[in-house]
1. Reachable lysines from K81, Cα under 29 Å, same-chain residues fewer than 8 places away excluded?
2. Binning every alpha carbon pair distance of the range 24-164 at 10 Å from zero, what are the percents per bin?
3. Can you list the trypsin sites (Lys or Arg not before Pro) in the range 90-168 that are in a DSSP coil and have 10 or fewer other beta carbons within 10 angstrom?
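The numbers here are math on the coordinates, done by the rules we state, and not lab data. Here the structure is a predicted model, which means the values were calculated and not measured. Glycine also receives a Cβ, built like all others from the backbone with ideal geometry; neighbour counts cover every protein chain displayed.
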Amino acid sequence: MFRVVLLTLAVASFSGCVLRGTPAGPTERKMNAQILEGAYEVVSETTTLTKPQQSTERREAKDWTGIWLFHQGRFSETSMKRIRDWYKFPQNQQALGYESSAGTYQIERNKLTLNHDLSLNPLGIGHVTNLEFKITGDDLMLTETMHPYMEDLSEGQRTIVLKRLKPDQ
């Protein structure tokens, strides 16, 4: 009888943990990271600012090329204007037409956190980017809600659409 009571209590305790929902453990995080595993090409990027002044910038594959890599909790992103015609070396990243960073990432449900360990822009090193992601077939949509911080007072939203590359591409 004592064994039956112990077994019943153990099952009830386990069921309670499952129903309450426990935080994602290391195994679950590792499985979540595998969701994004692979190489992606940039399809488009749209940035809509509400502050400091309202504006919208759209980058499309005909003008920009880029690749994002996700592998075992590490990421790398690189984007470049297809045509860069400057007569002297640009003074800023926007004029350069090239952006790049790499680091580690974590996934929690539909939230993706990028920790930028390397960056072409020195102010980007150590920056953390929080994105929501949605996967539809081979498309990966990343959405960042931009909040002002010391180095960038921009406020708004950035949406990046990526397409997963097939192994033979």
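1. Straight-distance partners of K81: K51, K62, K111, K134, K163, K166.
2. 11, 39, 38, 11, 1, 0
3. Sparse-neighbourhood loop trypsin sites (Lys or Arg not before Pro): R109.
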